[in-house]
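Novice: A single structure is presented below for examination.
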Amino acid sequence: MGRRADVLELAVLGVLHEAPMHGYQVRQLLNTRLGVFRSLSYGTLYPALKALLGRGWIREITPPPATDPPVSALGGALSGKRARIVYEITAEGKEHFQGLVAESGPQAWEDGTFDVHFAFFARTDAATRLRILEGRRMRLQERREAARAAMVRTRERRDN
């Protein structure tokens, strides 16, 4: 599985760990938590949900109808909408999620993954959070030093 799929898996399992919800709710919550720069499309979300279903980490549940739908003359229920599928994390999914948030290596502090790990810090133990934050700080310091070195090289070329 690619890094983007791993991050999406963590994000979806993380929100479903909080409460069962349907796809629209998952998308809205993730877009709110992760921000506009990581906007999630339905074309990305639903294949991820299907993959998580296939692995047994989530399951579909059908909520009871809020009200009885009107009945047609033929005796069938009339409804203009399809019943929404609600997704719920399984015990295996919770175990897998805990394994994902416990990872504290580079995959947790790199630019493309840190924000998702950070969004679920509440479910991460203190020692793991500290390792992730130290790794993130180290990565940002490396980038700062590289930017400084590039500026020095640019000044030196201009001066020559």
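The values are calculated or read from the model by the stated rules, or taken from the named source; none is laboratory data. Quick caveat, the model's predicted, so the values are computed rather than measured. FYI the Cβ positions are ideal-geometry reconstructions off the backbone, even for glycines, and counts take in every protein chain you see. Note: accessible area is taken over every heavy atom of the protein model, side chains too, but ligands, DNA and RNA are not part of it. Shrake-Rupley method; radii C 1.70, N 1.55, O 1.52, S 1.80 Å.
Novice: For segment 82-111, give me the residue count where each residue is of a type in the set (Lys, Arg) and touching a residue at least 12 places away in the same chain (Cβ under 8 Å).
Specialist: Residues that pass the stated criteria total 2.
Novice: Looking only at segment 112-146, filter to residues that are touching a residue at least 24 places away in the same chain (Cβ under 8 Å), out of contact with any His (no Cβ under 9 Å at 6 or more places or on another chain) and not in a helix (DSSP H, G or I); which one of those is nearest to residue 6 (Cα to Cα)?
Specialist: Only one residue fits best here, namely 113.
Novice: With respect to residue 103, is the statement that it is surrounded by 12 or more Cβ atoms within 10 Å (Cβ to Cβ), of a type in the set (D, E, K, R) and at pLDDT below 95 true?
Specialist: Against the criterion (surrounded by 12 or more Cβ atoms within 10 Å (Cβ to Cβ), of a type in the set (D, E, K, R) and at pLDDT below 95), residue 103 qualifies.
Novice: Give me the residue from segment 70-100 that is among the charged types (D, E, K, R) and modelled with pLDDT of 85 or more and, out of that set, surrounded by the most Cβ atoms within 10 Å (Cβ to Cβ).
Specialist: The selected residue is 94.
Novice: Which members of segment 2-50 meet the condition of being open to solvent by 20 Å² or more (accessible area, probe 1.4 Å), β-branched (Val, Ile, Thr) and in contact (Cβ under 8 Å) with a residue 12 or more places away in the chain?
Specialist: 44
Novice: Every residue in segment 112-130 that is open to solvent by 80 Å² or more (accessible area, probe 1.4 Å) and over 21 Å from residue 13 (Cβ atoms), please.
Specialist: 130
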